[in-house]
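Following: one structure in structure tokens, then a few remarks.
The values are calculated or read from the model by the stated rules, or taken from the named source; none is laboratory data. These numbers were taken from a predicted model, which means no experiment stands behind them. Here the Cβ positions follow ideal geometry from the backbone for every residue, glycine too, while neighbour counts run over all protein chains shown. Note: accessible area is taken over every heavy atom of the protein model, side chains too, but ligands, DNA and RNA are not part of it. Shrake-Rupley method; radii C 1.70, N 1.55, O 1.52, S 1.80 Å.
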Amino acid sequence: MAIRLYRAYTPGTRNRSVPKFDEIVKCQPQKKLTYNKHIKKGRNNRGIITSQHRGGGHKRLYRKIDFQRNKKYITGKIKTIEYDPNRNTYICLINYEDGEKRYILYPRGIKLEDTIISSEEAPILIGNTLPLSAV
């Protein structure tokens, strides 16, 4: 994950850095793995504004992330690496052998088409998950 540094041609770009999106795959998010979260926008249950200066903003599409990693003994391949704007991080799309797709947080150093697994006997590699008793 490389970092792009700006030249100081204005005071606002001095010491500015942003990540380079080299390893990111440009694609639309999976429809079944996204949902729309209803945002209150400063209104109560009757729709009356109770918090001033809250509202507007762009409509957000949230991605469902698999934090539990409870698909035991089933291997999966990394298909895409995407940027998640809602949590300011990268996420990976995993295609499991049984046909299911899930998003996980991007483990730094993993590449496209790498294989991951969650089990007690999994090798200690980047992306694999083991219970704490097996480490």
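Results, tabulated for the structure shown:
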| read-out | value |
| --- | --- |
| For the chain: accessible area per residue (Å², 1.4 Å) | 75 |
| At 1.306 mPa s and 10 °C, Stokes D of the stretch 1-97 from Kirkwood alpha-carbon radius, µm² per second | 92 |
| Top positive-direction residue, dipole computed over the chain with Cβ charges, set ASN70, GLY42, THR80 | GLY42 |
| Net charge over other residues, Cβ less than 15 angstrom from the Cβ of VAL25 (K, R count +1; D, E count -1) | +1 |
| Proximal charge balance of ALA134 [Cβ under 11 Å; K/R count +1, D/E count -1] | -2 |
| Ranked by how many other beta carbons lie within 10 Å on average, peptides 102-111, 20-29, 122-131, 3-12 from highest | 102-111, 122-131, 20-29, 3-12 |
| Taking the chain and dividing mean pair separation by its residue count, relative contact order in percent (alpha carbons under 8 Å, at least six apart) | 17 |
| GNM flexibility winner over the chain from ASN86, ASN70, ASN44 (Cα, springs under 10 Å) | ASN44 |
| Around GLU100: net Lys/Arg minus Asp/Glu count, Cβ-Cβ under 11 Å | +1 |
